[in-house]
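The values are calculated or read from the model by the stated rules, or taken from the named source; none is laboratory data. Predicted, not measured: the structure shown is a model, and the values here were computed from it. Note: ideal-geometry Cβ built from the backbone for every residue, glycine included; neighbour counts use all protein chains shown. We work out accessible area using only protein heavy atoms, side chains counted, and drop any ligands, DNA or RNA first. Shrake-Rupley method; radii C 1.70, N 1.55, O 1.52, S 1.80 Å.
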Amino acid sequence: MADLLEARPSVTVVEDRARDETEVVVAAFDRLSADATTALRAVTAEFGRPIVLVTDRIEEGGLAVAVACRVVAILPRSAMTESRVADSVRAAASGAVSPPRDLLGRLAEHAERLRREMLAPNGPAGATLSSREIDVLRLMADGFDTHEIATELAYSERTVKNVIYAVTDRLRLRNRSHAVAYAIREGVI
């Protein structure tokens, strides 16, 4: 990597971890494994500078670490050229870059997958709601008040209130509007 960068006159390679002279760190790994993420964290703690990451594979959890470690560019090792690395280093040194969109998009997908996995033991959101609860939520979404919901479903008002309380309490929702928003967002109604 140093040989690649030294060939470019606009980039100076600093040896021996000269902290004061370092503007950008280039980190190259075959894959962003647990050992590599540990190394990234150490470099971030030592230098606190933007990082250009060269790797072909990012393993589970690596995206979050990359963002946390100030990775501002990810270059595929297999498609790396001296000009691509040098251009990324110059951009990072100028402060003209922020974490790449594809990295942030992949991080968002990772966060969504984790959220789904956290809910998986309880099953999908719709499975946690009974048909009675779904009916009440659907009518609430249509603007019905408690009395109208009770009349429509042939329940007592007390039953409707109990259903609403059970849903909001179990799912840790703040109020009726939050319950309806949750049901819509999860595709239950």
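Quick one: is residue 109 of a type outside the set (A, V, I, L, M), at pLDDT 70 or above and either touching a Cys at 6+ places or on another chain (Cβ under 9 Å) or within 30 Å of residue 186 (Cα to Cα) (or both)? Here the answer is yes, as residue 109 does meet what is asked. Kindly check whether there is at least one residue in the range 53-61 that is open to solvent by less than 20 Å² (accessible area, probe 1.4 Å), modelled with pLDDT of 80 or more and not hydrophobic (A, V, I, L, M, F, W, C). Looking through the range 53-61, at least one residue is open to solvent by less than 20 Å² (accessible area, probe 1.4 Å), modelled with pLDDT of 80 or more and not hydrophobic (A, V, I, L, M, F, W, C).
Residues to consider are 31, 49, 70, 77; find the one that is open to solvent by 50 Å² or more (accessible area, probe 1.4 Å) and on the phi > 0 side of the Ramachandran plot. None of the others qualify; the one that does is 70.
Of the residues in the range 82-101, at least one is open to solvent by less than 50 Å² (accessible area, probe 1.4 Å), within 21 Å of the chain's Cα centre (by Cα) and modelled with pLDDT under 80.
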